[in-house]
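Some notes on the structure that comes next.
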Amino acid sequence: MSQVMDPIYLTKGIRSMFYMVTPNESSFEHVEDVPLYVQQLQSWHWKNMFYLNHEEPCLPPKMISRCGKLSRKQYSLEEATPFFIGLMAVELVVSLLKDDAPVADFGDFVTSLSAGIISRMPALFARSIEVTGYIYVWNNFHLLELPWDSAWTWWLAFLGVDFGYYWVHRFAHELNIIWAAHQVHHSSEYYNLSTALRQSATQQFSSWVFYLPMALAVPPSVFAVHIQFNLLYQFWIHTELIRDMGPLEWVLNTPSHHRVHHGRNEYCIDKNYGGALIIWDRLFGTFALESHKVVYGLVNPINTFEIIYVQFHYYKYLWKSFNRYTTIFNKLGVLWKGPSWKPGKPRLGDHSEVPEVTGEELPYSPSWPLALQVYVCLHGLMLLGCYQDLFQSQLVLPQLTVLMMTGYILYSLTSFGFIIDQRPTASMWELLRCIMMVMLLRYGYMTVPGPLAGLIEASVSLSLLYWGLQIVSQLVSVEKKTA
């Protein structure tokens, strides 16, 4: 935490969020020396190793006994970054002062955060495909080795990564098979900084291909810097508070341009794909200015906060559409043409058939008691602690333990979605989740700070009692109706 409070660290972190860094301070000879600028709670160094201040990590006692004695190696763990949380807090306060209304719905915020957590889960079982694939191509096929410490190489990589991202993003909207992953990011009917966290668990398996041409000349260490800065830049443009940025609107991707991209108005569809720059959209004819009020979300809203459905429902739709057609050309069209495509229509479909929006549409926002909102908030914080511990200790845990804890986290996020949606089955799901939590605490797979141990145990016990009574009440109600 001392590093977080360091003014130099804070200043550099804030500048990193806006790509305001110099080549001198962000050039590294080896890819393993590149810091993790993008962080969600605790993240891993490129070396995929950890140890802080050359000390052994703090793991749950039972986990240590199962892992055995750890050998001391050169591990390095980056500190957690507060900048995402800080900017979201600022956005919330400013919106309340300005409009006397929050910029987000709590259920929508929880869903966006849940999507961000799930999008990181594949990293527990495999290394970053983007960096690993890039290094493989560099090691085996590079034609030219640009100097890693040259400002020219740095700026070339800046343009190359942003150009690659434009095509990653455009293909994610124009190929249905990739849109199945990317639609997660567009599923929110709100537009705020938390929306930036709503990421897909599967899109990373296709996006890495678009950056491989750079590996013919640009060193992996330079690429590893810019792929992070490009993503960081896109966080702050997810806001409605910044309306116009003057002349910068001609060159940079701004909140105004990206609001258009997230709109489901007809004039917004398939527009403004840029990452840090908007020049690619202007060059390739995919640019649109913000004009009418933007209505956010998918063309056909999904109306649920159940995170597994949010992540994977479109794959089910694809499968049904694929089986609906009989000819191979139509079947392939379902996968490799646009989301709106139908036989006899243009490759990207007919945008005039997009459901008309009036600007009066209300986002999906089920009514649920304040007490349950507080409950989800508190249990969500405990789950974040579990998530943090899992990423800290993944390298020394048996794969079966990692798989078990991953399953618990996914189950918990699903249960929270059921509570927010106010589904009848939420009580049963949450009762089972609380039982799982008791077992994990009992056998040392979850840890809590010493001073809070008693409080957390009491809260879990009360939760078990509450959800048990809820189930009994539902059964009595059903029996009365049946009688």
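The values are calculated or read from the model by the stated rules, or taken from the named source; none is laboratory data. Because the structure is a prediction, the values reported are computed rather than measured. Don't worry about glycine lacking a Cβ; one is built from the backbone with ideal geometry, like all the others, and counts go over all protein chains shown. With ligands, DNA and RNA removed, areas are computed over all heavy atoms of the protein, side chains included. Shrake-Rupley method; radii C 1.70, N 1.55, O 1.52, S 1.80 Å.
Overview of values
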{"item": "Residue identified as of a type in the set (Gly, Ala, Ser), open to solvent by 30 Å² or more (accessible area, probe 1.4 Å) and within 20 Å of the chain's Cα centre (by Cα) among Ser128, Ser119", "result": "Ser128"}
{"item": "Filter result (more than 16 Å from Trp155 (Cα to Cα) and either in a loop (DSSP other than H, G, I, E, B) or not hydrophobic (A, V, I, L, M, F, W, C) (or both)) within the range 9-28", "result": "Tyr9, Thr11, Lys12, Gly13, Arg15"}
{"item": "Long-range neighbours under 8 Å by Cβ, at least six apart or interchain, first residue closer than 14 Å to Leu175 by Cα within the range 321-341, second in a loop (DSSP other than H, G, I, E, B) and of a type in the set (Ser, Thr, Tyr)", "result": "Lys331/Tyr325; Gly333/Tyr325; Val334/Tyr325"}
{"item": "Extreme residue, most open to solvent (accessible area, probe 1.4 Å), among residues of the range 402-421 that are over 12 Å from Ile117 (Cα atoms) and either among the hydrophobic types (A, V, I, L, M, F, W, C) or not in a helix (DSSP H, G or I) (or both)", "result": "Leu403"}
{"item": "Failed item, numbered, when Ser365 is tested on (1) part of a loop (DSSP other than H, G, I, E, B); (2) farther than 30 Å from Ile269 by Cα", "result": "(2)"}
{"item": "Residue, farthest from Thr304 (Cα to Cα), within the range 422-445, restricted to residues that are of a type in the set (D, E, K, R) and assigned to a helix (DSSP H, G or I)", "result": "Arg442"}
{"item": "Looking only at the range 296-313, and only at residues there that are surrounded by fewer than 20 Cβ atoms within 10 Å (Cβ to Cβ) and of a type in the set (A, V, I, L, M, F, W, C), the one that is nearest to Ala180 (Cα to Cα)", "result": "Phe312"}
{"item": "Within the range 446-464, tally of residues that are at pLDDT 90 or above and either outside any helix (DSSP H, G or I) or over 14 Å from Tyr375 (Cα atoms) (or both)", "result": "0"}
{"item": "Enumeration of residues in the range 239-284 that are under 15 Å from Tyr166 (Cα atoms) and open to solvent by 40 Å² or more (accessible area, probe 1.4 Å)", "result": "Val251, Leu252, Lys271, Ile279, Arg282, Leu283, Phe284"}
{"item": "The range 12-24 residues that are within 13 Å of Leu231 (Cα to Cα) and touching a residue at least 12 places away in the same chain (Cβ under 8 Å), paired with ones that are assigned to a loop (DSSP other than H, G, I, E, B) and open to solvent by less than 10 Å² (accessible area, probe 1.4 Å) (beta carbon under 7 Å, 6 or more apart)", "result": "Tyr19/Ala276"}
{"item": "Qualifying residue in the range 139-153 (condition: open to solvent by less than 50 Å² (accessible area, probe 1.4 Å), in contact with a strand residue (DSSP E or B) (Cβ under 7 Å, 6 or more places away or on another chain), of a type outside the set (A, V, I, L, M) and part of a helix (DSSP H, G or I))", "result": "no"}
